[in-house]
1. Taking only segment 149-206 into account, find how many residues are touching a residue at least 12 places away in the same chain (Cβ under 8 Å), assigned to a helix (DSSP H, G or I) and open to solvent by less than 60 Å² (accessible area, probe 1.4 Å).
2. Across segment 87-102, what is the total count of residues that are among the small types (Gly, Ala, Ser), surrounded by 11 or more Cβ atoms within 10 Å (Cβ to Cβ) and outside any helix (DSSP H, G or I)?
3. With PHE122, PHE116, PHE167 as the choices, which residue is touching a Cys at 6+ places or on another chain (Cβ under 9 Å) and of a type in the set (A, V, I, L, M, F, W, C)?
4. If I filter segment 67-86 down to residues being part of a loop (DSSP other than H, G, I, E, B) and hydroxyl-bearing (Ser, Thr, Tyr), which single residue comes out as farthest from ASP177 (Cα to Cα)?
5. Using the structure shown, decide if ARG110 is open to solvent by 80 Å² or more (accessible area, probe 1.4 Å) and farther than 30 Å from VAL148 by Cβ.
6. Spot the failing condition for PHE125; the list is (1) more than 30 Å from ALA101 (Cα to Cα); (2) open to solvent by less than 40 Å² (accessible area, probe 1.4 Å); (3) touching a residue at least 40 places away in the same chain (Cβ under 8 Å); (4) out of contact with any strand residue (DSSP E or B) (no Cβ under 7 Å at 6 or more places or on another chain), and only one is missed.
7. Which count do you get for residues in segment 64-86 that are within 30 Å of ALA97 (Cα to Cα) and open to solvent by 100 Å² or more (accessible area, probe 1.4 Å)?
8. Between residues in segment 92-118 that are polar (S, T, N, Q) and residues that are assigned to a helix (DSSP H, G or I), which pairs lie under 9 Å by C-beta distance while being six or more apart or on different chains?
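The values are calculated or read from the model by the stated rules, or taken from the named source; none is laboratory data. None of the values given here were measured: they were computed from a predicted structure. Reconstructed Cβ throughout: ideal geometry from the backbone, glycine too, with neighbour counts over all protein chains shown. Please note that ligands, DNA and RNA were not included when accessible areas were found on the heavy atoms of the full protein model with its side chains. Shrake-Rupley method; radii C 1.70, N 1.55, O 1.52, S 1.80 Å.
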Amino acid sequence: GGDDDDDGGGGDSDDADADGSDDDGAVNDDNWAAGIGGLMGGGGAKKKKKAPTLGNTFKTQLTNLANTIFQTDPHYIRCIKPNPRQAADDYDDEYIARQLAYVGVMETIRIRKAGFSLRVAFADFLKRFGYLAPDGAPDDEAGRCKAVLETASIDGALWAMGKTKVFLKDTAVSTLDGLMAEALSKIAKILQAAARGAAARRNYSP
């Protein structure tokens, strides 16, 4: 009877070994970890990176666009169609005028013409009309701008002086442009006369 017990005990030992236990009946930690790792797909294997979804891609592109816009100074251009037929060199005046009215351009022009349509810094004003400044005009920019306007005999209702800019109505701008054209024409004639005189003297042989 003792032999049978020994055999039975031996069979139990074999079964324990097959289950990943040692001879004392304790679970073998290494075998257990290996088994769990196999079930989990290799244990330490890296997970595959998921492909970006359409929503995430759109969100990223929108964020990049917003960042670009915020870093720049955008200017918006109103596009006016010359005709509804998409034909080249065909300008429909009524169609164009209707578009200008719808987008508020005509109203904006009317308001600007009623006020001071040109608002230019003192330095820019002198670059454009500074030649009209009379002799003895003040050295400061504001004083020279005022001297130009007074010398041109422009009605005081057509211009105003600000802290850093000159405010002009269309009539004042047209007058100044006309005076500048006359002054530049006189200068051009003087230069032409001097150049022709020099050429004539150079070619003259007594």
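1. The total comes to 9.
2. Residues meeting the conditions: 0.
3. Sole residue among the options that is touching a Cys at 6+ places or on another chain (Cβ under 9 Å) and of a type in the set (A, V, I, L, M, F, W, C): PHE122.
4. Checked segment 67-86; the qualifying residue farthest from ASP177 (Cα to Cα) is THR72.
5. no
6. (4)
7. Of the residues in that region, 9 qualify.
8. GLN99/VAL105; SER117/ILE109; SER117/ASP170; SER117/VAL173
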